[in-house]
Structure formats: structure tokens, C-alpha cells
1. Can you give me the % of accessible surface on the stretch A:1-93 that is carbon or sulfur? Probe 1.4 Å, all protein chains present, nothing else counted.
2. Please pull out the direction-averaged projected area of the protein assembly as shown, using the convex hull of its alpha-carbon atoms, in nm² to one decimal place.
3. Name the chymotrypsin sites (Phe, Trp or Tyr not before Pro) in the stretch A:1-75 that are in a loop by DSSP and that have at most 10 other C-beta atoms within 10 Å, would you?
4. Dipole of the protein assembly as shown, Cα-centred, from +1 at each Lys and Arg C-beta and -1 at each Asp and Glu C-beta, to the nearest 20 debye?
5. Please report the carbon-and-sulfur percent of the accessible area for chain B; probe 1.4 Å, protein heavy atoms only, DNA, RNA and ligands left out.
6. Between the chain alone and the structure with every protein chain in place, find the residues of the stretch A:1-43 that drop at least 30 Å² of accessible area; heavy atoms, 1.4 Å probe.
7. For the stretch B:18-61, what is Rg from Cα atoms divided by 2.2 N^0.38 Å, rounded to two decimals?
8. Note down the relative contact order for chain A as a percent, whole number, built from C-alpha pairs under 8 angstrom at least six residues apart.
Amino acid sequence: GQNIDQPTEMTATEGAIVQINCTYQTSGFNGLFWYQQHAGEAPTFLSYNVLDGLEEKGRFSSFLSRSKGYSYLLLKELQMKDSASYLCAVRDRYDYKLSFGAGTTVTVRA
Amino acid sequence: DSGVTQTPKHLITATGQRVTLRCSPRSGDLSVYWYQQSLDQGLQFLIQYYNGEERAKGNILERFSAQQFPDLHSELNLSSLELGDSALYFCASSETQGHYTFGSGTRLTVV
């Protein structure tokens, strides 16, 4: 099974940087995903890590350490539209299903 | 448009009733996943199908069932509905090793 933990809420100022941490325990790891979800809408894919290290994609970066069961999502140059829930998800090695954390609600203030 | 189509977008029904939610996956995707998201809760995995066969099952209630048809669309059947079944139900599809693409969801309200 999977056990995924991430903070419930974070607040940051427009233009700043926020780091959302995610820790996980899994019986079979096949990749870690980050999704963004605005209230009442579908989650949208942000990033994917399967090997250790940093993946950069514009203003968003994601880091993975498999030995520590740890990932973070870094949001830079925050904009008001980045106010959303950010979901950490781990893919199972055997059936490829994604198990999601409860999500971190990020509020960006002017 | 993500390419994953869910119908209906909204559904209001009474307790004890039965409903069917429909999902058409993105073209070429063989895997379909169903998730439930209650108010202020995370995405709870219900069930997964791959090319017509059930592949994984989460904490899906016995009152719920699903299937994937030869044309790869999937249906989630919810019966004997209770107030607590009110939630957003998402369908997602993927290639085998790819990321999930989610549909826009069906908002179910049980009154």
C-alpha cells in the first residue's frame, strides 16, 4: 500500500517562492507525480520524477529522493493564478495506479 | 479539452436510487481509472480497468460497480445511494507508463 504525507495549507506572497514537501512509503515505487487542482476542477499534470534529482519545467521544479521517500514541488515567481491545491501522487510498480496525498492548498496573496 | 469525456457533468438524485456515470478515455489510452473526491478530501482510488479487464481495486463499496466496454469507454454504477455518496467522481485515462489525464468530473448530489 501507499502512505503519502504533505502539508495541508501554505500561504505565500505574489512573486515569492514556495516549496511543497511530500513524503511517502510504498511497497512498489514506479514514479512520483505532481498535479495542480483548482477548486471543483479536474487535476492537471505538472511534473513527473522516476529517478533521483531535479526536474525543471518553467516556473515549476520537482525533486525526488527515492532512498528518503521524499519529493518537493518548487513554485517560483508566484502568481495569483497559482492559488490551488497541489497533489502529490505515487505510482504503483505492479498495476500503475496512482495513489494521491490529501493535497496542499496554496494561497497566493498580493 | 483534456480528451477524456465524462457525462453527465452534474447529477442530482434521491437516496436509494441508482445512477450510471460514463467515461470515454483519451484516444489510444487503454487504462481507465475511477476516483471519488468528497468535499475537502483527497482523491480516493476506486477501480482501474485495462483494455476491458479489471486490474486493480481500491476501497470501492459493494454498492458500486464498474466495467470497461470493447470500445474502451467505461461506466461506474452507483446503487442504493446514500447522502455520503455525494462527491465529485473523476475518470482518468493513461497509456501504460504515462501520466494520467483527468476528465472534468461528474458532480453527484444525493438528496
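1. 48 percent
2. Quarter of the Cα hull surface area: 12.0 nm².
3. Taking the stretch A:1-75 and a limit of 10 other Cβ atoms within 10 Å, no loop chymotrypsin sites (Phe, Trp or Tyr not before Pro) are found.
4. 60 debye
5. 46 percent
6. A:Y35, A:Q37, A:G40, A:A42, A:P43
7. With N residues counted in the stretch B:18-61, Rg over 2.2 N^0.38 Å equals 1.26.
8. 37 percent.
The values are calculated or read from the model by the stated rules, or taken from the named source; none is laboratory data. Small disclaimer: the values here were computed from a predicted structure and weren't measured. Virtual Cβ from ideal backbone geometry, glycine too; neighbours counted across all protein chains shown. The area values use the complete protein model at the heavy-atom level, side chains included, leaving out ligands, DNA and RNA. Shrake-Rupley method; radii C 1.70, N 1.55, O 1.52, S 1.80 Å.
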